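For reference, the structure is listed below as structure tokens.
The values are calculated or read from the model by the stated rules, or taken from the named source; none is laboratory data. For clarity, every value in this text was computed on a predicted model and none was experimentally measured. Here Cβ is always computed from backbone atoms with ideal geometry, including for glycine, and neighbour counts include all displayed protein chains. Quick note on the areas: whole protein, heavy atoms, side chains included, nothing else; ligands and nucleic acids left out. Shrake-Rupley method; radii C 1.70, N 1.55, O 1.52, S 1.80 Å.
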Amino acid sequence: MNDLYEKNGYTISTDKSKLDLRVIHDFLRNSYWAQNIPYETVVRAIENSLCFGLYQANKQLGFARVATDYCRIAYVMDVFILEPYRHRGLSKWLMECILAHPPLQEVRGWMLATQDAHGLYAQFGFTPLEKPEKYMQKRIPAPYGV
Ligand SMILES: CC(C)(COP(=O)(O)OP(=O)(O)OC[C@H]1O[C@@H](n2cnc3c(N)ncnc32)[C@H](O)[C@@H]1OP(=O)(O)O)[C@@H](O)C(=O)NCCC(=O)NCCS
């Protein structure tokens, strides 16, 4: 099921067929967290995630991707709003829609990583790890750099 949220002429949709893959790839390959990511990798990640596109008259202005099992864990990634459309509350509305999305209401563990947008996510209840000593990570450098 693809859901649609509407506000002030903007829409947020989980319909992957609406996504402008070129816009998303273009943003991500220049981002600090996915620099030089190949187009095919972005497509594969999108195919295997719950995706939220933000649009004005079908033009893609923003995006977020959630890797989830729909019950225990949801990992929010690749959140962006294109530069000309920032400071209008759009990322806050995007996060609001993601967190209120009916298929995600059983999720008990939300995670994300950010370099500097803690103040955005804090407004939605995200905090630094309560017990960082319990968490582990394994990183394998991507062949394209990050
Ligand atoms: C971060 C980003 C998504 C914010 O989008 P936006 O639509 O301009 O943000 P909004 O207008 O919804 O407001 C964001 C809120 O978070 C706060 N905030 C905290 N850290 C922030 C940051 N690093 N960048 C932007 N806003 C930030 C803002 O002050 C604002 O709160 P306020 O309205 O209470 O003052 C956008 O700047 C962006 O795409 N940046 C580049 C990609 C990126 O860094 N993505 C996040 C990766 S975790």
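Taking label positions 7 Å along the Cα-Cβ direction at both SER31 and LEU129, the computed distance is 2.1 nm, reported to one decimal.
Just from its helices, what would the mean residue ellipticity at 222 nm be for the chain, if runs of 4 or more DSSP H residues each count -39500 (n - 2.57) and the sum is divided by every residue, rounded to the nearest 500 deg cm²/dmol? Let's see the in-between values first.
Numbers: 4 runs with 34 residues, N = 146.
The helix-only estimate for the chain comes to -6500 deg cm²/dmol at 222 nm.
Across segment 1-143, C-alpha contacts under 8 Å between residues 6 or more apart give a mean separation that, scaled by the residue count, equals a relative contact order of 17 percent. Tell me the carbon and sulfur percent of the accessible area for segment 41-106, rounded to whole percent, probe radius 1.4 Å. Solvent-exposed carbon and sulfur of segment 41-106 make up 49 percent of the total. For ILE73, nonlocal amide neighbours, meaning residues 5 or more places apart or on other chains whose placed amide H falls under 5 Å from its own, are ARG108, GLY109.
Length gained on full extension, ILE73 to ARG86: 1.8 nm, using 0.36 nm per residue less the C-alpha separation.
With every protein chain present, what is the per residue accessible area of segment 1-65 (1.4 Å probe, Å²)?
Details: 3570 Å² over 65 residues.
Solvent-accessible surface per residue comes out at 55 Å².
With one equal scatterer per alpha carbon and no solvent term, the Debye-computed log10 I(q)/I(0) for the chain at 0.09, 0.10, 0.12, 0.15 1/Å reads -0.28, -0.34, -0.50, -0.81. Near the amide H of LEU61, within less than 5 Å, lie the amide hydrogens of LEU54, TYR55, GLN56, all on another chain or at least 5 residues away, with H placed in the peptide plane.
Beyond a 31 Å Cα-Cα separation, which of these cross-linked pairs lie in this structure: LYS7/LYS134; LYS59/LYS131; LYS16/LYS92; LYS92/LYS131?
Values: LYS7/LYS134 40 Å; LYS59/LYS131 41 Å; LYS16/LYS92 21 Å; LYS92/LYS131 27 Å.
Among LYS7/LYS134; LYS59/LYS131; LYS16/LYS92; LYS92/LYS131, the Cα-Cα distance tops 31 Å for LYS7/LYS134; LYS59/LYS131.
Taking 18 Å as the cut-off, the amide N atoms of segment 57-85 that come nearer than this to a point 7 Å along the Cα-to-beta-carbon line of GLU6 belong to 57-61.
Listed peptides 62-72, 131-141 appear in the order 62-72, 131-141 once ranked by packing, highest mean of other Cβ atoms within 10 Å at the front.
Which length gain, in nm to one decimal place, applies between LEU120 and ARG22 when the Cα-Cα distance is subtracted from 0.36 nm times their residue separation? Don't jump to the answer; show the numbers that get you there.
Details: separation 98, 0.36 × 98 = 35.28 nm, distance 2.60 nm.
Full extension from LEU120 to ARG22 adds 32.7 nm.
Evaluated at q = 0.19, 0.21, 0.22 Å⁻¹, a Debye calculation over the C-alpha positions of segment 1-85 (equal weights, vacuum) places log10 I(q)/I(0) at -0.85, -1.02, -1.11.
By the gyration tensor of its Cα atoms, with a ≥ b ≥ c the square roots of the eigenvalues, what is the shape of segment 41-120: rounded for a/c under 1.5, prolate for a/b over b/c, or oblate? Walk me through the numbers before you get to the answer.
Numbers: a/c = 1.61, a/b = 1.38, b/c = 1.16.
Prolate.
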